[in-house]
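Okay, so here's the structure we're looking at.
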């Protein structure tokens with residue numbers, strides 16, 4: 001049980017993704033496979049202060065705090081202004097996004113990582129790939145409007161998924177029952193969205 005300044009039941013969890021990432025590339029797939037690619041590891045902490053408001057919000061917005069390792073920039077780099085969206089709608093009814101964005105400062109210069117998982121109405125067997133593959137670009141400046149100076153793909157491995165499920169922690173919970181309620185509500189929303197995306201839509 002963890003307490004924050006809010007009185008609403010919330011949840012937080014950790015997620016680690018890693019993969020090939022290269023400077024001077026603008027396409028994530030190309031950057032990930034290039035000879036210049038080096039492993040980038042994102043250690044993310046996702047916080048949802050008010051679970052009811054998060055579920056009701058069409059954008060499903062949470063907070064993302066990142067510490068990352070990537071040889072060109074260094075190790076254990078902290079982020080600022082991180083954004084997390086779970087199943088954020090797009091103009092396409094058959095596509096929703098899982099968004100992970102965070103800013104860093106390197107040698108006095110601001111950079112912004114913009115990543116998204118593209119969750120489409122594809123056959124059910126694609127659900128694993130689409131919810132664990134983060135297509136990411138690196139921008140100059142403090143948001144994704146800046147020039148792209150790097151790109152790659154980060155992935156959530158099966159081992160890291162198991163670790164992630166062990167990090168779910170209820171916020172503003174006063175009992176084990178509320179702990180379980182927070183985890184169950186988040187899980188129901190997550191699985192419910194997957195059901196809607198992969199089964200309910202034609």
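Values quoted throughout were computed directly from the atomic coordinates according to the rules given, and no laboratory measurement underlies them. Note that the structure is a prediction, hence the values are computed from the model and not measured. No Cβ is skipped: glycine too gets one built from the backbone with ideal geometry, and neighbour counts run over all protein chains shown.
Structure values in brief
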| read-out | value |
| --- | --- |
| FRET efficiency for residue 38 and residue 8, using Cβ-Cβ distance with R0 set to 35 Å, rounded to 0.05 | 0.30 |
| Prolate/oblate/rounded call for the range 128-170, Cα gyration tensor, a/c under 1.5 rounded | prolate |
| Principal semi-axes in Å for the range 33-127 [√(5λ), Cα gyration tensor, largest first] | 27, 19, 11 |
| Relative counts (whole %) of C-alpha pair distances in the range 19-60, using bins that are 5 Å wide | 5, 21, 15, 9, 8, 11, 15, 12, 3, 0 |
| Global geometry of the range 47-97, whether rounded, prolate or oblate, following the gyration tensor of its Cα atoms and the 1.5 cut on a/c | oblate |
| C-alpha long axis of helix 176-195 to longest principal axis of the chain, angle in ° | 60 |
| Percentage, to the nearest whole number, of Cα pairs in the chain over 22 Å apart | 50 |
